[in-house]
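So the structure is just underneath, and the comments pick up after that.
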Amino acid sequence: MMREIAPDPKYPQAYYRYLATYYGSRDYFECHDIMEEYWKEQPNARHTGCWLVFIRIAVACYHARRGNWAGARKMMAKAAAEADAALMSELGMDGHALASLLASTLREWERESAVYRDLPLPIADPALERGSQQLCAANGWTWDTPLYLVAEDIVNRHLTRDRTPVVEARRQSAERKRQARSRP
């Protein structure tokens with residue numbers, strides 16, 4: 001269980017947790033879970049699309065790091081297409097730099113010679129970065145952990161986690177959508 005701190009309330013705790021995990025443990029599978037849970041709680045919020053972009057970044061990095069380039073490209077293409085620079089800037093990122101990073105990463109990953117590298121998210125708000133670094137340290141991680149220090153069980157997290165509840169939730173969601181489409 002991740003330790004919590006109370007950084008600047010300007011940003012949601014889940015966002016700090018995502019960034020601390022993204023830069024600290026580099027557990028992109030966990031990043032996805034953190035942000036997906038928050039995203040589902042905020043279906044009509046102003047930054048809902050931004051949370052989805054962060055989910056897709058984590059999933060893209062997870063796939064790319066494991067060499068699943070088809071999955072990585074698909075998620076990065078969606079993230080690049082959906083990144084709203086202005087809204088991302090409201091969340092303490094350099095929104096234009098983030099949009100550019102996603103587009104250039106997609107171009108790099110489309111090459112046959114693609115090589116994974118960690119993506120440095122362009123945090124513009126020093127308070128957001130400081131709070132995320134504090135949470136990272138509180139959990140015993142080093143900020144900006146290099147790839148070679150990431151444990152194998154984190155790189156291949158999907159092989160060890162019970163995803164039954166997630167699979168069931170997705171099945172139920174798909175069924176609700178199917179039923180809604182079939183109504184007159």
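Hey, does the range 127-146 have a residue that's in contact (Cβ under 8 Å) with a residue 12 or more places away in the chain, touching an Asp or Glu at 6+ places or on another chain (Cβ under 6 Å), assigned to a loop (DSSP other than H, G, I, E, B) and hydrophobic (A, V, I, L, M, F, W, C)?
no
So, in the range 88-131, of the ones that are within 15 Å of Tyr23 (Cβ to Cβ) and among the basic types (Lys, Arg), which residue ends up farthest from the chain's Cα centre (by Cα)?
Residue satisfying both the conditions and the ranking: Arg130.
Here is a list of conditions, (1) in contact (Cβ under 8 Å) with a residue 24 or more places away in the chain; (2) out of contact with any strand residue (DSSP E or B) (no Cβ under 9 Å at 6 or more places or on another chain), and Gly92 meets all of them except one; can you say which number that is?
Only one criterion in (1) in contact (Cβ under 8 Å) with a residue 24 or more places away in the chain; (2) out of contact with any strand residue (DSSP E or B) (no Cβ under 9 Å at 6 or more places or on another chain) is unmet by Gly92, namely (2).
When you check Arg46 against the structure, is it surrounded by fewer than 20 Cβ atoms within 10 Å (Cβ to Cβ), within 16 Å of Gly24 (Cα to Cα) and of a type in the set (Lys, Arg), yes or no?
Spelling it out, it is not the case that Arg46 is surrounded by fewer than 20 Cβ atoms within 10 Å (Cβ to Cβ), within 16 Å of Gly24 (Cα to Cα) and of a type in the set (Lys, Arg).
Quick one: in the range 135-156, which of the residues that are surrounded by fewer than 16 Cβ atoms within 10 Å (Cβ to Cβ) and at pLDDT 90 or above is farthest from Ala85 (Cα to Cα)?
Once the filter is applied, the top-ranked residue is Gly140.
Which one of these does Asp8 not meet: (1) part of a helix (DSSP H, G or I); (2) within 29 Å of Ala138 (Cα to Cα); (3) acidic (Asp, Glu)?
Condition (1) is where Asp8 drops out.
The values are calculated or read from the model by the stated rules, or taken from the named source; none is laboratory data. The structure displayed is predicted, hence computed values, not measured ones. For neighbour counting, all protein chains shown are included, and Cβ atoms are generated from backbone atoms with ideal geometry for every residue, glycine included.
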